[in-house]
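The values are calculated or read from the model by the stated rules, or taken from the named source; none is laboratory data. Every value quoted in this text rests on a predicted model; they were computed, and no experiment measured them. Every residue, glycine among them, receives a Cβ derived from its backbone with ideal geometry; neighbour counts consider all protein chains shown. Just so you know, the surface numbers come from the protein's heavy atoms only, side chains and all, with ligands and any DNA or RNA stripped out. Shrake-Rupley method; radii C 1.70, N 1.55, O 1.52, S 1.80 Å.
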Amino acid sequence: MTMRLVQIAMNAQDDATLGRFWAEALGWGSSVEVPGVVTNLEPEGLVYPDPATVYIDVITVPEPKTVKNRVHVDLATTSAAQHAELVARLEGLGATRVDVGQGDVPWTVLADPEGNEFCVAEPRESYRDTGPIAAIVADCTDPRAMARFWDEAMDWTLHEVTDDHAVLRSGKGVGPYLRLVRTPDVKTVKNRVHLDLRPYPGGDRAAEVARVRALGATDIDLGQGEDVPWTCLVDPEGNEFDVLAPA
């Protein structure tokens, strides 16, 4: 048995307000899991979990955002006109343009109303069938080492790896990509966006946790307590992720 990437968890000062922004940005539905704490975002017509997408949980935390996020999403576009229309619509919802040192690039870098960076990608052939989220992008110092870890940690397929980046996608060949991109920045605080992995039905969370520990993951205490149905870990570069119960 193994696991797959099913969702990202996004920290917020106000899960309901930020959840509304992202639901409108993606054209998804939203539901309250815990009032004032967790808002779930999901595309209409799919039954969770589905390999065709990576879902989003928006979670209220007390800590404010202080540094550029090391994990962000890229949104897909199909034409130059649709790119311009999407950027304008997102700005109308409260997004703002930000400079993270990207220089002259064909994509647009924005921040959501709480300052979380994300990109609106230019039309790319590889993103034509991903859905609205083209990729989850994670900064790292060693893409090759991180690709080895994530390729073994879950059942996604490694499509490309170089010294500068690595690309994985669901083994089903659908949904967004996971892109691991080399950056000189050093991780200094807990990530405000992290990955959630889930074993398949019939799997065993404890066994999967032991397996990824053997690959280089380590436990982390984020104040979650001992009675939660997930395990908090960090990958070999210190990025937090959760292993959820099988489903």
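For segment 23-49, a tally of residues being assigned to a loop (DSSP other than H, G, I, E, B) and either buried (at least 17 other Cβ atoms within 10 Å of the Cβ) or without any contact (Cβ under 8 Å) to a residue 40 or more places away in the chain (or both) returns 10. The set of residues in segment 81-118 that are closer than 27 Å to Ala16 by Cα, open to solvent by less than 60 Å² (accessible area, probe 1.4 Å) and assigned to a loop (DSSP other than H, G, I, E, B) comprises Gly94, Ala95, Val98, Asp112, Glu114, Gly115, Asn116. Once segment 162-179 is narrowed to residues that are hydrophobic (A, V, I, L, M, F, W, C) and open to solvent by less than 50 Å² (accessible area, probe 1.4 Å), the residue that is nearest to the chain's Cα centre (by Cα) is Leu178. Scanning segment 119-147 for residues that are touching a residue at least 60 places away in the same chain (Cβ under 8 Å) and out of contact with any helix residue (DSSP H, G or I) (no Cβ under 8 Å at 6 or more places or on another chain) gives Gly131, Ile136, Val137, Asp139, Thr141, Asp142, Ala145, Met146. In the condition set (1) part of a loop (DSSP other than H, G, I, E, B); (2) out of contact with any Phe, Trp or Tyr (no Cβ under 9 Å at 6 or more places or on another chain), Thr130 is compliant with all but (2).
A quick yes/no check of all residues on (1) touching an Asp or Glu at 6+ places or on another chain (Cβ under 7 Å); (2) under 27 Å from Ala121 (Cα atoms):
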{"position": "Val181", "(1), (2)": "yes, yes"}
{"position": "Gly203", "(1), (2)": "no, no"}
{"position": "Trp230", "(1), (2)": "yes, no"}
{"position": "Pro236", "(1), (2)": "no, no"}
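You will find that of Thr78, Thr66, the residue that is part of a loop (DSSP other than H, G, I, E, B), open to solvent by 70 Å² or more (accessible area, probe 1.4 Å) and closer than 19 Å to Pro123 by Cα is Thr78 and no other.
Of all the residues in segment 213-241, those that are part of a strand (DSSP E or B), open to solvent by 20 Å² or more (accessible area, probe 1.4 Å), at pLDDT 95 or above and under 25 Å from Gly202 (Cβ atoms) number 2.
The number of residues in segment 180-204 that are open to solvent by 70 Å² or more (accessible area, probe 1.4 Å) and either touching a Phe, Trp or Tyr at 6+ places or on another chain (Cβ under 8 Å) or of a type in the set (Val, Ile, Thr) (or both) comes to 2.
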